[in-house]
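Notes for the one structure printed next.
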Amino acid sequence: MEPEDGDWGVKSADNDTWSGLIGLGQRREVDIVYAEYMVTAERVKVLDFILPALMTTSIGIVYRIPGVEDNWTSLLNPLNAKVYFVLLASYIIFTILFIAAESYPILDLAGEQKGKYPNIPPLLFDILGCFFLEGGHIEPRTSKGRLLYAAWFIFCVIIAAVYTANLTSSLLVKTNKIPFTSLADLVKQEHWQFGLMKDSGVQEMFEDSTFEESRKIWAGIVKQNETDSSVLSGNKSELIDKVLNGNFAYIDGSITTHVTSRNDCVLSAIDNIVTAQYISYAVPLNSPLKADLDEYMFRRFEAGL
């Protein structure tokens, strides 16, 4: 069966009753709470968790890497803006010189015009194609035109080589500075927000923690939540989207899964910022099933399964 409210379980502010799956176990409406629950101090008061634990999860931070762009404009980064203006000016000047050189009439021995004047529209595209090492069908008629075209193509080859080298370097060498490496660093960030999933085991852990850093994190989240409720959202996708918008750190367990599932190169994570937390199934308090389930889990644990 599933809880009618569809919640994992939240403790009531008025009394010690719980909603969701935990409430079903607390009221003994189910024999086993068959879900991967983080073991917290509040939850062990109303449920008995099966031990050894099913697994452990590390608490970490998901954030967007500063300075990394995920749009087409990042392809312009290998060269400075001034270089692009110089290239544009060079393109215009060369086009004018080349057309002038090729427009000079050439006469044969009989005094008749030899060859045709250049066709301007396709010539513009052919000259531009040299930047991409595609020369097109330019066939200069004059010695001046051949000399200009050869110099232009060599110039474009050099520019293309420099661009390719810089682009490769920017993709391989990461020089982005991580803004924080711990909870203590995160609290000090004036221009960063941080949040976690509402009514989760991670919230309980920070809310009831006796560690100074964790208490400061929770106090900061409560303060930010007064003006921005999305920092304490019950939707993981909303929190990840907020991370992608920048300057927001999402604190949660199994953060590596969050990063790999989105397959986005701008996301990164800092793992193990808090001692690993136990994850396990649970039964109602004093359940006659606990001893057998503990023994079953112990045997699988000892067998390496």
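The values are calculated or read from the model by the stated rules, or taken from the named source; none is laboratory data. For clarity, every value in this text was computed on a predicted model and none was experimentally measured. Cβ placement follows ideal geometry from the backbone for every residue including glycine, while neighbour counts extend to all protein chains displayed. Side chains are part of the model used for accessible areas, which takes the heavy atoms of the whole protein and leaves out ligands, DNA and RNA. Shrake-Rupley method; radii C 1.70, N 1.55, O 1.52, S 1.80 Å.
Checking each residue in the range 196-205 for being of a type outside the set (A, V, I, L, M), in contact (Cβ under 8 Å) with a residue 40 or more places away in the chain and part of a helix (DSSP H, G or I) picks out Gly201, Glu204. Whenever a residue of the range 229-241 is closer than 17 Å to Asp7 by Cα and open to solvent by 70 Å² or more (accessible area, probe 1.4 Å), it has no partner that is assigned to a loop (DSSP other than H, G, I, E, B) and at pLDDT 90 or above lying with C-beta atoms less than 8 angstrom away and at least six residues away or across chains.
Sub-7 Å Cβ pairs linking a first residue in the range 70-94 that is in contact (Cβ under 8 Å) with a residue 40 or more places away in the chain to a second residue that is surrounded by 13 or more Cβ atoms within 10 Å (Cβ to Cβ) and aromatic (Phe, Trp, Tyr), at least 6 apart or interchain, are Pro78/Tyr163; Leu79/Tyr163; Phe94/Trp152, ordered by first then second residue. Residues in the range 276-296 that are without any contact (Cβ under 8 Å) to a residue 60 or more places away in the chain and of a type in the set (Ser, Thr, Tyr): Tyr296 alone.
Do any strands (runs of 3 or more DSSP E) entirely within the range 1-76 hold 3 or more residues that are within 34 Å of the chain's Cα centre (by Cα), and if so, which? Walk me through it before giving the result.
Numbers: elements: 33-38, 47-49, 55-64.
It comes to 33-38, 55-64.
Taken over the range 118-159, residues that are among the hydrophobic types (A, V, I, L, M, F, W, C), under 43 Å from the mean Cα position of the chain (by Cα) and part of a helix (DSSP H, G or I) amount to 15.
Results for (1) in contact with a Phe, Trp or Tyr (Cβ under 6 Å, 6 or more places away or on another chain); (2) over 26 Å from Ile255 (Cα atoms), shown as yes or no for each residue.
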position	(1), (2)
Ile22	no, no
Asp48	no, yes
Pro78	yes, yes
Leu87	no, yes
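Any residue at all in the range 37-46 that's in contact (Cβ under 8 Å) with a residue 40 or more places away in the chain, open to solvent by 80 Å² or more (accessible area, probe 1.4 Å) and farther than 30 Å from Lys177 by Cβ? Break it down stepwise before answering.
So the first thing to find is which residues in the range 37-46 are in contact (Cβ under 8 Å) with a residue 40 or more places away in the chain, and the list is 37-43, 46.
Narrowing the set further to residues that are open to solvent by 80 Å² or more (accessible area, probe 1.4 Å) leaves none.
Looking through the range 37-46, none of the residues is in contact (Cβ under 8 Å) with a residue 40 or more places away in the chain, open to solvent by 80 Å² or more (accessible area, probe 1.4 Å) and farther than 30 Å from Lys177 by Cβ.
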